[in-house]
Amino acid sequence: MAGGSMSAFSQERGAETGLAWKGGKESEMSYNEPNDPAPPPLELRERAVKQLSKRRDFRVHALVYVAVNAFLVVIWAVTIGPDGFFWPIFAIGGWAIGLVAHWYDAYRGGEFGEEAIQHEMDRLAHLH
């Protein structure tokens with residue numbers, strides 16, 4: 001790249017990604033304001049840290065789930081034995097519902113898009 005010009009490939013790639021060339025160097029490309037396809041790097045970092053924290057918290061939750069329920073099964077086995085009613089199933093099953101919800105939030109749940117946020121704001125504004 002000589003003299004601040006931009007290659008045809010770079011111009012085409014910029015059009016595909018929503019980048020606009022404002023002259024100068026290719027490294028000075030910036031996102032278009034109205035149709036900004038990606039948030040600023042700092043916002044991406046904050047979102048990434050938040051998502052990683054959710055995943056770490058889920059792993060801790062799963063470990064506690066296994067440890068506590070294993071302890072309940074041991075208590076059941078020592079006090080009642082294999083011939084008695086398996087009462088730990090209530091704790092195991094009930095807690096599993098919460099664990100699945102936590103997993104969904106950590107790995108499948110996403111953030112709301114700007115369109116959904118605006119729709120909810122409009123809906124709330126009409127309620128008042």
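Residues in the stretch 53-67 that are loosely packed, with under 14 Cβ neighbours inside 10 Å and either without any contact (Cβ under 8 Å) to a residue 24 or more places away in the chain or closer than 16 Å to residue 96 by Cβ (or both): 53, 56, 59, 60, 63, 64, 66, 67. Please name all residue pairs, on different chains or six or more residues apart, with Cβ atoms under 8 Å, provided the first residue is in the stretch 80-99 and is more than 28 Å from residue 57 (Cα to Cα) and the second residue is surrounded by 10 or more Cβ atoms within 10 Å (Cβ to Cβ). So the pair list comes out as 80/87; 84/76; 86/76. When the helices (runs of 4 or more DSSP H) confined to the stretch 18-128 are screened for residues that are modelled with pLDDT of 85 or more, those reaching at least 2 such residues are found at 41-79, 88-103.
The values are calculated or read from the model by the stated rules, or taken from the named source; none is laboratory data. Quick caveat: nothing in here was measured; it's all calculated off a predicted structure. Positions of Cβ are generated from backbone atoms using ideal geometry, with glycine treated the same way; all protein chains shown enter the neighbour counts.
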